[in-house]
Amino acid sequence: MNQELIPNIRAFLQSIFPFSLLPDQVLDGIASNIDILLLSPGQELTPESGATFLYLIRSGAVQQNHLNGQLRSRLASEDIFGFNLQQVNSQNNYIIKAIENTLLYRIDYLKLMAQVKEYPQVASQLALNVNTRLHSTHTFDSITDSQHHYMRLCGDTNQVQIVNVSAEQSIQSVAHAMSELAGGLSCAFITDSSKHLLGMVTDKEMTNRVVAQAIPITSPVSEIMTTNVHTVQDNDLLLTALHLMMQYQVQYIPVLNSQKQVVGLITPQDLIQKNGGRSIYLLDRIYKADSIETLISLAKERNQAFEGIMESRASPNLIGQILTKIYDAFTYRLLELAIKQFGNPPCQFSWIVAGSHARNEIHLSSDQDNAIIISDDATESDRTYFQHLAMYVCKGLSQLGYPLCTGRFMAATPQWCHRESVWKAYFRKWATNPEYELLLNLNVFVEIRHIYGNETIFQTVDSFRYQLVKNNKLLISALIRNSLRTRPPLGIFRNLVLDKDGQNNNVLNIKKSAIGCLVDIVRIYNLIYPSPLLNTSERIEHLYKNNVFNKSSYLDIKETYQYVNQLRYESQLKSIQKNLTTNNLLQPDSFGSFERQHLKDAFRIISSHQDLIKMKFIG
């Protein structure tokens, strides 16, 4: 290397992240090991057999084509390539050709990694393993106190010793058992012989129901116990327990195992002692709001809460979970206000949510996907009541910043405000005759979650839905074909999004091009290897733990899903900081060289897994 060129090369490297993180001495060492290559238009780059080089484009542009002629990528100034060429025989997989006069910096990969080994943030961005490169992009901290606490499982918390008593025991004996524990315990669980929960009694109930009403202390505790107890499973997040406490204004949440036995207790101290934050206080005030005007004023704080979550370096999954809890709270309180205005419901019902809301994957641009399931004994007059209720809630949500669904998948649409038997007929038709229009409906309602009302009605319909869709080969084949209608782009070339057909777009729709594709892929696997889980990240973990994904596929999908969601949240954060409307559109000119490389990595992973499910399940 001509020593006179080193300052110029160093300056170029300093303009590119992550090389910009390196000191001048290291950059000079890298520059001294660079070979300069010149390619004329149409000239092919032929990597040396067994060589280990990365290529950095200083000027000009190259095109990569698969051996069948299909476009693989186009790259321009500051783009880096060659990671795949480090793999055995991979140099035969595609052809590299200059499309204009091009100056390349050829960098010996092994020497480069030796030079940056003391700088792990740089080394990870240059790793051969694609999921390592994607993991290096994380701006969130996976071990922050806030995230670690709320994302813990209820069964893993430091449980207090619990009191289990039988329904026949006297009130006095139960009170004595509660006081016997160290420091005393403020509640006791009434269970049957199999330790299944029948009810709960608290010290407050002892005062209000025994002392105040002069009930004899020799009476059985079943006379004063609360039977409608809100519980969590031991594999639920602490965030779920927090939400229940605020939603129903309760102090104690029993923890149940898979056999429905009481194994623990969540108290306010478990949730509050280490954590505060805007989002937590916002939830509490939403549930206490007494008017739509109050809710509208609180909705303005949603963006502030989002900024706080982002500043705390929370993971994309946690961000989605918290934004979902806020959405749930607004929905719940609007339903309470609607019932206050229209009167008590004439029959049992369940307000449900679908899509990303059901999956706990809300973002700042999420619209409404909701519906009502009404009991079969409802009259037409009853349906009219629920349609008015739905219009009130859907309009209210729109006022709170949750736009009306353009596809009209809302409870305010009469089609989606119907009896239990009608909903079963819907799912039967969608699952057995998955034509395109019907498939669109199922794509929305394939994941549903109860928000308010009678949960038994919901569970009946949801169980019916689940039995119809799991392992349904006809439906799964249709879902795969439908998912393949949307393919990720190849990457970004000169501030334009490059599609597989070589066409360019001015913006990148990250939801359509990446997030939605991954949700579809994971959903399809979840139907083939059935699990009742709704959340995409939780499904990925489940599929890996059950050996559906090997470790490489698991890491590829997991890191890609986190990366593209992180991009969306970061873009939406910038939008609200500039008082702009949030959306799913990313500007191509906002990406640097390595960010463009990471996007290409993500798109290739998505595309390869689309090809894989097509090959494995429909041929």
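The values are calculated or read from the model by the stated rules, or taken from the named source; none is laboratory data. Please read all numbers here as calculations on a predicted model, not as lab measurements. Positions of Cβ are backbone-derived with ideal geometry, glycine not excepted, and every protein chain shown enters the neighbour counts.
Overview of results
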{"read-out": "Sole residue being within 26 Å of the chain's Cα centre (by Cα), surrounded by 21 or more Cβ atoms within 10 Å (Cβ to Cβ) and not in a helix (DSSP H, G or I), chosen from ILE326, ILE286, ILE322, ILE352", "value": "ILE352"}
{"read-out": "So ALA431, is it among the small types (Gly, Ala, Ser), part of a helix (DSSP H, G or I) and modelled with pLDDT under 95", "value": "yes"}
{"read-out": "Output for region 293-314, where each listed residue is assigned to a loop (DSSP other than H, G, I, E, B) and touching a helix residue (DSSP H, G or I) at 6+ places or on another chain (Cβ under 6 Å)", "value": "GLU301, SER312, ALA314"}
{"read-out": "ILE96 outside any loop (DSSP other than H, G, I, E, B), in contact with a Leu (Cβ under 6 Å, 6 or more places away or on another chain), at pLDDT 90 or above and more than 24 Å from SER607 (Cα to Cα)", "value": "no"}
{"read-out": "Sole residue being out of contact with any Cys (no Cβ under 9 Å at 6 or more places or on another chain), among the aliphatic types (A, V, I, L, M) and outside any loop (DSSP other than H, G, I, E, B), chosen from LEU397, LEU389", "value": "LEU397"}
{"read-out": "Residues of region 576-590 satisfying the condition of being in contact (Cβ under 8 Å) with a residue 60 or more places away in the chain and more than 11 Å from GLY491 (Cα to Cα)", "value": "ILE576, GLN577, THR582, ASN583, ASN584, LEU585, LEU586, GLN587, ASP589"}
{"read-out": "Among the candidates SER222, SER193, residue that is farther than 30 Å from LEU534 by Cβ and not in a loop (DSSP other than H, G, I, E, B)", "value": "SER222"}
{"read-out": "Evaluation of VAL564 against (1) within 26 Å of THR132 (Cα to Cα); (2) surrounded by fewer than 22 Cβ atoms within 10 Å (Cβ to Cβ) (one fails), failing number", "value": "(2)"}
{"read-out": "Qualifying position, being more than 23 Å from LYS614 (Cβ to Cβ), buried (at least 23 other Cβ atoms within 10 Å of the Cβ), aliphatic (A, V, I, L, M) and touching a residue at least 60 places away in the same chain (Cβ under 8 Å), among LEU508, LEU534", "value": "LEU508"}
{"read-out": "Region 138-154: number of residues that are surrounded by 18 or more Cβ atoms within 10 Å (Cβ to Cβ) and either of a type in the set (A, V, I, L, M) or at pLDDT 80 or above (or both)", "value": "1"}
{"read-out": "Identity of the residue in region 544-560, crowded, with 22+ Cβ neighbours inside 10 Å and under 21 Å from MET615 (Cβ atoms), that ends up farthest from the chain's Cα centre (by Cα)", "value": "PHE549"}
{"read-out": "From the options VAL88, VAL26, VAL62, residue that is at pLDDT 85 or above and under 38 Å from the mean Cα position of the chain (by Cα)", "value": "VAL62"}
{"read-out": "Sole exception among (1) hydrophobic (A, V, I, L, M, F, W, C); (2) in a helix (DSSP H, G or I); (3) surrounded by fewer than 21 Cβ atoms within 10 Å (Cβ to Cβ) for CYS517, by number", "value": "(3)"}
{"read-out": "LEU298 being buried (at least 19 other Cβ atoms within 10 Å of the Cβ), modelled with pLDDT of 90 or more, hydrophobic (A, V, I, L, M, F, W, C) and not assigned by the TED database to the domain that holds ALA167", "value": "yes"}
{"read-out": "Residues located in region 30-45, provided they are closer than 25 Å to ALA11 by Cα and buried (at least 18 other Cβ atoms within 10 Å of the Cβ)", "value": "ILE30, ALA31, ILE34, LEU39"}
{"read-out": "Top-ranked residue of region 602-619 - restricted to ones that are free of Cβ contacts under 8 Å to residues at least 40 places away in the same chain and of a type in the set (Gly, Ala, Ser), ranked as farthest from ASN129 (Cα to Cα)", "value": "GLY619"}
{"read-out": "Residue that is nearest to ARG106 (Cα to Cα) [pool: residues in region 14-60 that are in a helix (DSSP H, G or I) and in contact (Cβ under 8 Å) with a residue 40 or more places away in the chain]", "value": "ILE30"}
{"read-out": "Answer from LEU490, LEU442 - the residue that is more than 30 Å from ARG333 (Cα to Cα) and either out of contact with any Pro (no Cβ under 6 Å at 6 or more places or on another chain) or crowded, with 21+ Cβ neighbours inside 10 Å (or both)", "value": "LEU490"}
{"read-out": "Candidate set from region 1-13 (those that are under 24 Å from ALA76 (Cβ atoms) and free of Cβ contacts under 8 Å to residues at least 12 places away in the same chain); member that is surrounded by the most Cβ atoms within 10 Å (Cβ to Cβ)", "value": "PRO7"}
{"read-out": "Selection within region 436-455 - more than 26 Å from the chain's Cα centre (by Cα) and without any contact (Cβ under 8 Å) to a residue 40 or more places away in the chain", "value": "GLU437"}
